Every structure is written in C-alpha cells, then in structure tokens.
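Working notes, beginning with the structure itself.
The values are calculated or read from the model by the stated rules, or taken from the named source; none is laboratory data. As the structure is a prediction and not an experimental result, all values here were calculated from the model. As a convention, Cβ positions derive from the backbone with ideal geometry for all residues, glycine included, and neighbour counts pool all protein chains shown.
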Amino acid sequence: MSQVKVYPPRPSRQASSNPLPQLIQTPSGFALLELQGTFNLPSDCVDADDKATDVVPMGKIDFPDYHPETQDASSTAWMKRVHLYVGQHQRLTGQVKKLPKALAVVRRRGEAGAEPEHLEVVEVVKYKLVFSERPEPINTDVVP
C-alpha cells in the first residue's frame, strides 16, 4: 500500500518559483476554463507533430456585469455573462458556474519518487467558465 501526504499551501509562495500554469481568477475565486471546439494556432507556433512550440496568448477574460463598488458582495448576478476575447476580432460569451465538488490543484513537494510521496495543495478551484457558443466577430475598437 502506498501512502501520500498532502500539505496545505505554504504562506509565502513566490510566483516566479511556481512551475504550474497561472490559474484563472474570477471575482469569487479560481476557475477552470471549459471550451467547446478547437483552437487553431498560428503555423509558426506548431511543429510537425501539431504540438505547440511557443506560448500563444489565448485572449482576455472580461466580466462585464461585475461592479464591486455597487454590488452586494454575495451577489452572483455577474456570473451570468463573461467574455473571452480571442485575438482582436472574436469574442466568446459564456458564464461562470459553480463546480459540484471543489477541485484541489496539487504539486509534488520535495523529491519525485521519494517514499512516501508528499503533495502540496496549491489552490482550490470552485468555479468553471463555460463557453459553449460559437465566437462572434467584433470590431477591434470594442476589446476592453
């Protein structure tokens, strides 16, 4: 029987030393990004095996109905609409949904393969951003 020890996040974590990708931050916490379809990468960013060879900016996320200065802190009305701007000419519209069960993002702590293995909780994710509609074309002046 193998054993894994799980630790809470360290209080003083530096962003530059974190090997995990940056998580998406919503006004209520961290979220997953759920997309329907395929993203076509520029040809200079893909190798012969269709693997990404470079970092490609995905887009910008905007919560148009979130106004912290005028909203009640417990209000979830802002979750009904979220925009993901892809490049300068497309916008996806989606919504923020609460996950049925929260997910923990973990990473190995110490030596890989050491017995017993130690894991550290990096973040807890409680929401997902769902974009199930087709992208709509936009004017470049609209991108916030």
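Might you check whether a residue that is assigned to a loop (DSSP other than H, G, I, E, B), of a type in the set (Phe, Trp, Tyr) and either surrounded by 14 or more Cβ atoms within 10 Å (Cβ to Cβ) or at pLDDT 80 or above (or both) occurs anywhere in segment 39-46?
No.
Those residues that are of a type in the set (D, E, K, R) and within 27 Å of Pro135 (Cα to Cα), I need them from segment 59-106; list them, please.
Kept after step one, since they are of a type in the set (D, E, K, R), are these residues of segment 59-106: 60, 62, 65, 69, 72, 80-81, 91, 97-98, 101.
Lys60, Asp62, Asp65, Lys80, Arg81, Arg91, Lys97, Lys98 - these are the residues of segment 59-106 that are of a type in the set (D, E, K, R) and within 27 Å of Pro135 (Cα to Cα).
Go through segment 87-107 and count every residue that is under 17 Å from Thr26 (Cβ atoms), out of contact with any His (no Cβ under 9 Å at 6 or more places or on another chain) and among the β-branched types (Val, Ile, Thr).
Looking only at that region, the number is 2.
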